[in-house]
There are 2 protein chains.
Amino acid sequence: MQKGEMIPLDFTRLQLLDKFWAPRQETNRRTTLHIQYKNLRQLGSIAAIDPDYHTDRPGARHIYRDSDIAKWLEAASYTLATSPDSALESQIDEVIELYAKAQGPDGYLNTWFTVMEPHLRFTNLRDRHELYCAGHLMEAAVAHFRATGKRRFLDICCRYADYLDTVFGTGEGRMRGYPGHEEIELALVKLYEATGHKRYLKLASYFIDERGQKPHYFDIEAEKRGEDPRRWRRDYRYNQSHIPVREQTEVTGHAVRAMYLYCGMADVARHTGDRSLAEACRTLWHDLVRKHLFITGGIGQSKENEGFTFPYDLPEETAYCETCAAIGLVFWNHRLLHLFGEGQYADCLERGLYNGTISGMALSGDRFFYTNPLASLGHHHRQEWFTCACCPGNISRLVASVGQFFYSTGDDKIWVHLYAQSRASLPVGDEEVLIEQETDYPWDGTVIMRLSLARPHTFTLALRIPGWCRQHAIKISGTDIGGGETEMSPAVVYRSGYAELTREWHDGDLVELRLAMPVERVRANPAVRQANGKIVLQRGPIVYCLEETDNPYTPLTRIAIPRKAPLSAHFAPDLLGGVSVITGPAEVVVRDEARDEAAAVGSWDGLYTTDLPQTEQVTIKAVPYCVWDNREPGEMLVWLQEGI
Amino acid sequence: MQKGEMIPLDFTRLQLLDKFWAPRQETNRRTTLHIQYKNLRQLGSIAAIDPDYHTDRPGARHIYRDSDIAKWLEAASYTLATSPDSALESQIDEVIELYAKAQGPDGYLNTWFTVMEPHLRFTNLRDRHELYCAGHLMEAAVAHFRATGKRRFLDICCRYADYLDTVFGTGEGRMRGYPGHEEIELALVKLYEATGHKRYLKLASYFIDERGQKPHYFDIEAEKRGEDPRRWRRDYRYNQSHIPVREQTEVTGHAVRAMYLYCGMADVARHTGDRSLAEACRTLWHDLVRKHLFITGGIGQSKENEGFTFPYDLPEETAYCETCAAIGLVFWNHRLLHLFGEGQYADCLERGLYNGTISGMALSGDRFFYTNPLASLGHHHRQEWFTCACCPGNISRLVASVGQFFYSTGDDKIWVHLYAQSRASLPVGDEEVLIEQETDYPWDGTVIMRLSLARPHTFTLALRIPGWCRQHAIKISGTDIGGGETEMSPAVVYRSGYAELTREWHDGDLVELRLAMPVERVRANPAVRQANGKIVLQRGPIVYCLEETDNPYTPLTRIAIPRKAPLSAHFAPDLLGGVSVITGPAEVVVRDEARDEAAAVGSWDGLYTTDLPQTEQVTIKAVPYCVWDNREPGEMLVWLQEGI
């Protein structure tokens, strides 16, 4: 461990006891994992891992099916790590043995190409998800190894990685290729972290360094297939290979691909100390958060490329915001947080986590959003499964391992990034500190942390002061010690979004953090043409929306929130699993449907009028965006008109 | 002539002397006709009318190319009718002789099928534009006959119609088909009007009556081709054949197809007295104008089907609003006006004519919009030609014959539908009345009409009081005789949107109409979610927009027009061919681009903020929508935020 290095938490060290995450983890374990497994089995995909299994069922084998199975394996492994379950363990072992059988003598492992198109191995890295699937298998293998200590799957995937290491690279006789859908880069780093084998880190670095170099590999590869590369329907911005990664300054293309690439870049930068790669990450991040980030933490404006469009383009109904992309954003910011040690990345992570990622899963755990628009006319609903079923497994592995985001540790520091009722056992130097958080976060901003130590120990407790929080107070065992940057206190140092409390800590010390959590009216940069004149209601990290079931005034765009209207929040324990709702007065333009049908037309009395709008006062009720579409179907709206 | 019947004006009886239409007609004659001919010739399409002409050029022959040539023929003929031009006449005659040569011995005439796919004649009416092309040839033939008195092309097209009359219908051995793209219905009625042959009217009636009957012809036809009709990518709402036309209550599908069908329905209803058909038109019209009509008179919300979506869906940037569809709307309303005699149809016609149709043509006459969105980020520009070049010829024939919309006549009545500086010679009963209009309409609401008669004659002069006009005054030879419905005068009767002045008129009588023309703030029905909180500036019939070149505050959505801001109009003779512009104070949210680039992020200081917006006062300048994109490229916006 380097001095000052921030080490991500092993999530098994954190027990969530809160009302937000703990029930979701339980639902994930009880329901979501089973849904995934059931669907993969019904599709024939589990059986079809076995290369001897004969099936004509369309979709049983598919170029990206290994990734779906791998995400289930990964999520199931995380669950096993905290909740032993012998039935689940058997399912996992059975799948792993099928993969053992599917692996070629050279180490190659892909259930599509091995059986269906063995002659096409590595002939179309641009489109065919071959290395993407490899990466997900590796991530699953590391998760399984860490959860169970069993090396079986890890060894399989190391053999595959070793094989890939003989195929790809700059050496004599190697292919100069890299994936069209990134993922293997970050996975190889995980394999390196789990095994210590530097060759995996080097291979990850190779894939990142080679990307976008000239002559362009995807040109060469296409020509080898007898295709004219210029006739591809996309350009290389789509998969972030238009220029070398260190020259990239704007987020482009398919959002999930971008996030996975950037994760790999941050990983490699962290392990190699490569500053140019770290700076490329920072530049891309600034472009993303200044010009492309939805208020929900969703990313990817357009369905056309499942990705980015142009700066300040943030549509509402047509926002793509794939669940996987928001998850990728969380992953990337987690890595940037550890690379740079700055709370702004945790702010971005938190925005994604509590809004645009977790919205991807129904409260019942059995239905999923592929896309997460910011407005709906009532026809957008979660589904149990998708032809391309990347999102269910992704949200499942995120929820199962969400504890990893709460703390980091160092040789003399503990960082508290997120707050939730929980118990965590944290290594700091050679000591172990138990921190119990007592809080109703994210519904309330008061957090009481009780520290338990075997003996007094001096270290820094770094509490994240969220970017959304404009006023806070800190007490240690009843004594005020800080509250904002104007009120400097020797006991607290504010650095990069954290309040650092450095002292000799004793068993039983209580730290009380109060984060003011008023209802905020958030506005977008005026460059965002879709948001001019509109506001979003946010409280703490939670972004709110209106649903038709609470606000029967469709279209919901008729509603305007006056600038001075008092808005208040209260906790509704029986609503949507227990959430805080926001209520307040609003103005609604009166809609006279009888008149709409009978209007004299051709003059001002039809669809158009010069009359001033008639308005009525109503009380609106906003619910967290992340739980919308869990009741009666209907319209939903995040950006609300601001009234006079 | 039936008592009270309204007869459309033969446009050659009207000479436009105004600053809006006359220069456009001149540009159309000098430039647009030549552009069309040049492009059709360069494409090889003129030469390729000759079946013996061998060409491999893609597009020289095409399934819809006859319609492009026919629209040029039609527009050129209208121009000939008022402006003799022997060179143009020779071009026309040459093309007509090629068509004479192309016609089969049975009368069949289609330059694609005859040469390219003779075995596929009438095997795919659903998709292949065969009867659509036939219709356009017939419209051109009627125009040419009326313009020149020459029967050559009319006879060709009558022979073709006679042949079609032996092929289609309910009789023994006839095909029960009808077109996938309507047009022939209204064309056959024109042929009937020109020749008096009832069989053409009957065939038009047949096509209309048969449409949407079960078993569905397009099912039968697809099965005959060996296709599964259910695998068609569209449903029959697309071409308005989902149910019989008299049962249709909602506008559906491809907007141009819909308009041409509805024109045919109105034509047949008018000539046959079929009330059920007339009522179907009325119902469809109500649906259109109450729920689908853009403020510009554009129609067709979606690119996907080039047509209608769902009620109250009126997008801005993505509004399709094909030029041809707005032209179709004008044609249909002209027919409805004559079918029902109600001014609301003239209101709708005028809205389309002065806004969403004429926007389709550059002031220079050499570039065209295919689509006419209500907002642009600056990338939407007119083009000289299109692969599917339906719009240039359509706008050209509209401009050449625009005079037809200004007046109608009856046995004892003259209707003045539109106003413009002009001279018209109008038959009323057996007399001839010359009306000279002196006015700056549409830029000014004062219209002075001087009547010249050989001898005193009693008839009704029905002046349209536009739906947009909320206050007006009428004087006859200096004497006030009416001004609105509250002030009844025996000299004026208000009926269906017209002020009817019935008296014995004398040579030299002056009628002065003053239509108040303030700047209006128009709002949409609150059911239109895209328009909540927004206004459109309109003055008289002219819809206004902001262009970036006048208002350098992009995105233009940053601009808000305060409800009480005084807005004034003034005529700018040197701008855009001479237009009235609207100016006034507005508020613009300040955009700090330096801050955008440097913002600290992850907190409220990045893309999102809780700060109140900073605004500055500016003066905005709005120009008529119909002339946008005639200067520097840039953003354009019709719907403007309304401020406090």
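The value of relative contact order for segment B:325-444, using C-alpha pairs under 8 Å at least six residues apart, is 15 percent. Any idea how far apart residue A:275 and residue B:120 come out in nm if each label point goes 7 Å out from Cα toward Cβ? My value for the distance between the label points is 6.6 nm.
Amide H contacts of residue B:168 (H built 1.01 Å from N, in plane; Pro and chain starts excluded): B:175 sit under 5 Å, all sequence-distant by 5 or more or on other chains. Based on DSSP H assignment, which helices of chain A show an axial Cα extent of at least 15 Å together with a mean Kyte-Doolittle hydropathy greater than or equal to 1.0? Within chain A the helices that satisfy the rule are A:323-340. Buried surface for the A/B pair, taken as the accessible area of each chain alone minus that of the pair with a 1.4 Å probe, is close to 5100 Å² in total.
Spherically averaged projected area of the convex hull of Cα atoms, segment B:453-573: 11.4 nm².
Structure shown: which of B:534/B:621; B:101/B:150; B:150/B:190; A:303/B:303; B:71/B:303; A:71/A:198 lie over 20 Å apart, alpha-carbon to alpha-carbon? Long pairs (Cα-Cα over 20 Å): B:71/B:303; A:71/A:198. Relative contact order of chain A: 13 percent, from C-alpha pairs under 8 Å at least 6 residues apart in sequence. Here r is the Cβ-Cβ distance between residue A:100 and residue A:425 and R0 is 35 Å; the resulting FRET efficiency, rounded to 0.05, is 0.50.
Computed from label points 7 Å out along Cα-Cβ, the spacing between residue B:227 and residue B:198 is 3.8 nm. The H on the amide N of residue A:494, modeled in the peptide plane, is under 5 Å from the matching H of A:500, each at least 5 residues off or on a different chain. As a fraction of the 1.4 Å probe accessible area of segment B:29-174, surface on carbon and sulfur atoms comes out at 50 percent. In this assembly of identical copies, the label point of residue B:198 (Cα plus 7 Å along Cα-to-Cβ) is separated from its counterparts by 10.0 nm, sorted shortest first. Residue separation of residue A:12 and residue A:342 scaled by 0.36 nm, minus their Cα-Cα distance, works out to 116.4 nm of gained length. Applying 1/(1 + (r/R0)^6) with R0 = 35 Å to the Cβ-Cβ distance of residue B:90 and residue B:434, what FRET efficiency is obtained, to the nearest 0.05? Calculated value: 0.55.
Shortest first, residue B:57 label-point distances to identical copies amount to 5.7 nm, with the label point at 7 Å from Cα along Cα→Cβ.
Among the trypsin sites (Lys or Arg not before Pro) within segment B:1-64, those in coil by DSSP and having at most 13 neighbouring Cβ atoms inside 10 Å are B:3. Per the rotation superposing chains A and B, the chain A residue found at the smallest beta carbon distance from the axis is A:644, 2, distance in Å. Split the accessible area of segment B:210-343 by element, probe 1.4 Å, and carbon with sulfur accounts for 47%.
Across segment B:408-515, Cα pairs under 8 Å and at least six residues apart give a relative contact order of 28 percent. Across segment A:519-643, the fraction of Cα-Cα pairs farther apart than 22 Å, rounded to a whole number, is 41%. Accessible surface area normalised per residue over the protein assembly as shown is 36 Å², counting heavy atoms of protein chains with a 1.4 Å rolling probe. According to the Cα-based calculation, Rg over Rh for segment B:408-515 is 0.93, with Rh computed by the Kirkwood formula. Here each label is just a point 7 Å from Cα along the line to Cβ, and for residue B:250 and residue A:444 those points are 5.0 nm apart.
Sort segment B:44-233 into rounded, prolate or oblate with this rule: let a ≥ b ≥ c be the square roots of the eigenvalues of the Cα gyration tensor; rounded if a/c is under 1.5, and if a/c is not under 1.5, prolate when a/b is larger than b/c, oblate otherwise. Since a/c reaches 1.5 but b/c is at least a/b, the shape of segment B:44-233 is classed as oblate. Label-point distances for residue B:247 to the equivalent site in the other copies, using a point 7 angstrom along Cα→C-beta, read 6.3 nm when ranked shortest first. Over the protein assembly as shown, what number does the Rg to Rh ratio reach, with both radii from the alpha-carbon atoms and Rh per Kirkwood? Rg/Rh for the protein assembly as shown comes to 1.04.
Classify chain B as rounded, prolate or oblate from the Cα gyration tensor: take a ≥ b ≥ c as the square roots of its eigenvalues, call it rounded if a/c is under 1.5, otherwise prolate when a/b beats b/c and oblate if not. Here chain B falls in the oblate category. Partner lysines whose Cα lies under 26 Å from the Cα of residue B:224, excluding those fewer than 8 positions away in the same chain, are identified as B:214.
The values are calculated or read from the model by the stated rules, or taken from the named source; none is laboratory data. Being a predicted model, the structure only gives us computed values, none of them experimental. Cβ sites come from the backbone with ideal geometry, for glycine too, and all protein chains shown count toward neighbours. Just so you know, the surface numbers come from the protein's heavy atoms only, side chains and all, with ligands and any DNA or RNA stripped out. Shrake-Rupley method; radii C 1.70, N 1.55, O 1.52, S 1.80 Å.
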